[in-house]
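Reviewing the structure listed below.
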Amino acid sequence: MSKALLIAAALLAATAADAMAETLITAAEAALPAASGITMRGVTRGPGVKLINPSEVKSPFNLKVAFEPHGGAKIEPSSVKVVYLKSPTVDITDRVKPFVTADGIDMGKAEVPAGQHSIRVDVKDSDGRAGSATLQLTVK
């Protein structure tokens, strides 16, 4: 295979990979004003939510979030709610649902506009306890 054909094949593969990116946050949503007055709950025995990938990424990126159940409880994937913290808040749960398991969120090729983004993830466990975390992402 010639060098030109290899380069063309690589470019085609890269274009196809970008085409498979899933929109997590749209440019219009990113342009909304920042949310204000968001309060956080106190300490609970509910599940933990932890951002696994670096907080600074280049879009598209693999969004990886881990859920940490406590006391033998199991995570209820159907309870997961994901909200983009803007004014007004934007529920992006439906965009993430296909990538949610009891272990967390693994959304390959998440497309997000450049900038600073705050995303709240809420989850419940099999004992009905709630956990929540606000993830801070900087997209270059």
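Before moving on, here are some points about what is shown:
- Considering residues of region 33-52 that are part of a loop (DSSP other than H, G, I, E, B) and either touching a His at 6+ places or on another chain (Cβ under 7 Å) or surrounded by 15 or more Cβ atoms within 10 Å (Cβ to Cβ) (or both) only, the residue modelled with the highest pLDDT: 47
- In region 2-14 there is at least one residue matching the filter, namely being out of contact with any helix residue (DSSP H, G or I) (no Cβ under 6 Å at 6 or more places or on another chain), part of a loop (DSSP other than H, G, I, E, B) and modelled with pLDDT under 90.
- Scope region 92-114; condition in a strand (DSSP E or B) and surrounded by 14 or more Cβ atoms within 10 Å (Cβ to Cβ); matching residues: 100, 104, 105, 106, 107, 108, 109, 110, 111
- Condition check for residue 105: in contact with a Gly (Cβ under 9 Å, 6 or more places away or on another chain) and of a type in the set (Val, Ile, Thr): no
- Evaluation of residue 72 against (1) on the phi < 0 side of the Ramachandran plot; (2) free of Cβ contacts under 8 Å to residues at least 60 places away in the same chain (one fails), failing number: (1)
- With respect to (1) buried (at least 18 other Cβ atoms within 10 Å of the Cβ); (2) among the charged types (D, E, K, R); (3) part of a loop (DSSP other than H, G, I, E, B), the lone exception for residue 124 is condition (3).
The values are calculated or read from the model by the stated rules, or taken from the named source; none is laboratory data. What you are looking at is a predicted structure, and each value in this text was computed from that prediction instead of being measured. Note that each Cβ is placed from the backbone with ideal geometry, even for glycine, and that neighbours are counted across all protein chains shown.
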